Amino acid sequence: MTMATASARQTGAPRVLLALRAPLSGRTWRAFLYLLGNLPVAVALFAYATTMTSLSAGLLVTVAGIPVFAATLAGARGLGAVERARARALLGMTVASPPPVRPSGDGVVRWTGALLRNGSAWRQLLFCVLRFPWAVAAFSLAVTYWLLAWSLLTYPLWRWTFPRYLDRPGIQLWKPGAVPGDVSGYVDTPTEIAVTAVLGLLLVLALPKVTYALTAPDRGLIRVLLGPWPVTEPGPGTAAGSETPAPYGAAPHGSAPHDSAPETVRTAAPGDGPAPRES
């Protein structure tokens, strides 16, 4: 055995262990919890944005419509801060806060004008609307995939419930007799049960990549709409345009694993040129 062969085997073994351990890792479960929380959070944000915007539009016939909409923009900035914190805690993604609102003086009129001219507030209100449809889709896809993967993997453990409680030998794929030949349409033989479990294992091993991929649209919206504008390059620890760690648990090229250094989107530092101006 050469030294190169021994080194390759030593490297391959940890990679296999990391791949087997990845579905149970904190990174995978945090991403899944993020997708689960997306549904109620997105519904609340969408309801806030549409309700307050409609209320402001209805009040435009009076003087109250403009300050109510300014208050809506201020609330959107606060909701954006909550979403940045949630992404930091569950996705390991750190996005810098946009510049604060700076009115030219005191008074409600000046604060209202400053909020209406604040591009960040408008973008965060837009985030509350745009995020809703994908959050619903991602929640449905994530829950369906997780239930399917773990159910197939553990099928040998709970198949006994079919004959005992459902008067069936196992999972029914099609109606008995619908396929020519001696095919029952049920997953009940030892070979079929083993194949089902292997299929479930493959789906479970793909859980980390599938789950984190479902968060990609959220990460893009957060970076573009909730952070400083224009969007700056990711800071040390991440590679521009790439946030997916590879392989699981190992330090990827130009990026940090989710369980270690967080993904960071930074603002311009001294020496990087003029600071970005908020539109």
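Hey, rough spin-label estimate for Ala89 and Thr161, points 7 angstrom out along Cα→Cβ, what's it come to in nanometres?
Spacing of the two 7 Å Cα→Cβ label points: 3.1 nm.
So how far, in whole Å, is the C-alpha centre of the range 58-81 from the one of the range 127-179?
Comparing the Cα centres of the range 58-81 and the range 127-179, I get a distance of 44 Å.
Ranked highest first by average number of other Cβ atoms within 10 Å, how do 157-164, 212-219, 81-88 line up?
So the peptides 157-164, 212-219, 81-88, ranked by packing, come out 212-219, 81-88, 157-164.
Quick one: if the Förster radius is 51 Å, what FRET efficiency do Leu20 and Leu59 give, using the C-beta to C-beta distance and rounding to 0.05?
Numbers: r = 59 Å, r/R0 = 1.15.
The value I calculate is 0.30.
Read-outs throughout are calculated quantities, based only on the coordinates presented, and are distinct from any laboratory measurement. Just so it is clear, the model here is predicted, and its values are computed rather than measured. Here the Cβ is made from the backbone with ideal geometry for all residues, glycine too, and neighbour counts use every protein chain on show.
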